[in-house]
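The values are calculated or read from the model by the stated rules, or taken from the named source; none is laboratory data. Source: prediction; values computed, not measured. Just so you know, the surface numbers come from the protein's heavy atoms only, side chains and all, with ligands and any DNA or RNA stripped out. Shrake-Rupley method; radii C 1.70, N 1.55, O 1.52, S 1.80 Å.
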Amino acid sequence: QVQLVESGGGLVQPGGSLRLSCLISGTIFHIHDMGWYRQAPGKQRELVAVISSRGRTNYIDSVKGRFTISRDNAKNTLYLQMNSLNAEDTAVYYCNKEQMAKWAWGQGTQVTVSS
């Protein structure tokens, strides 16, 4: 059974930075295209950034130039470096496959941007 454990969230001031991590177990991590998702209060979960099994990345427009997705296949870990955070980035952040058939979601990690 695949398990996803997200960490690294917290409370940060506008303009600050955070680095999220997602440890994946129970699968052959390196073969999967992966994504970071977020869900803000009262909104649907959205895909924020993706990284292919070969390391190709893509981002939604609102985070381009501020967020960087990366992966360490040796550590079965996915990362999201978030810089220049603003209030609109406040959400619970999750990792999962990019594909439509998802693994069971982890608990996510809360990111709150507030002064």
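State the extension gain, in nm to one decimal, for the chain segment bounded by Asn86 and Lys102, taking 0.36 nm per residue of separation less the distance between their alpha-carbons.
Details: separation 16, 0.36 × 16 = 5.76 nm, distance 2.84 nm.
My answer for the length gained is 2.9 nm.
Short version: ³J(HN,Hα) in whole Hz for each residue of the range 14-21, in order, from phi by Karplus 6.51 cos²θ - 1.76 cosθ + 1.60 (θ = phi - 60°), x for Gly and Pro, what are they?
So the Karplus estimates, Gly and Pro as x, are x, x, x, 10, 9, 10, 8, 10 Hz.
Taking θ as phi - 60°, what are the ³J(HN,Hα) couplings along the range 84-100 by the Karplus curve (6.51, -1.76, 1.60), each to the nearest whole Hz, with x for Gly and Pro?
6, 5, 9, 4, 5, 8, 5, 4, 8, 9, 10, 10, 5, 5, 6, 5, 4
Quick one: order Ile60, Ile31 from most to least accessible surface, probe 1.4 Å.
On the way: Ile60 45, Ile31 95 Å².
Listed by decreasing accessible area, they come as Ile31, Ile60.
Per residue, how much accessible area does the chain show when a 1.4 Å probe rolls over the protein heavy atoms, in square angstrom? Walk me through the numbers before you get to the answer.
Values: 6210 Å² over 115 residues.
Accessible surface, normalised per residue, equals 54 Å².
Taking all protein chains together and a probe of 1.4 Å, list Arg66, Arg56, Arg38, Arg45 from the most accessible to the least accessible. Show your work: numbers first, answer last.
Values: Arg66 35, Arg56 190, Arg38 15, Arg45 85 Å².
The ranking, largest first, comes out as Arg56, Arg45, Arg66, Arg38.
Roughly how much of Tyr37 is accessible, in Å² to the nearest 10, using a 1.4 Å probe?
Probe radius 1.4 Å; accessible area of Tyr37 about 20 Å².
What residues qualify as long-range amide H neighbours of Asp33, i.e. H under 5 Å apart, gap of 5 or more or another chain, H built at 1.01 Å from N?
Under 5 Å from the amide H of Asp33: Ser53, Glu98.
With a 1.4 Å probe and every protein chain kept in, tell me what percent of the accessible surface of the range 1-95 is carbon plus sulfur. Don't skip to the end; give the middle numbers.
Details: 2340 of 5040 Å².
With neighbouring chains kept in place, the figure for the range 1-95 is 46 percent.
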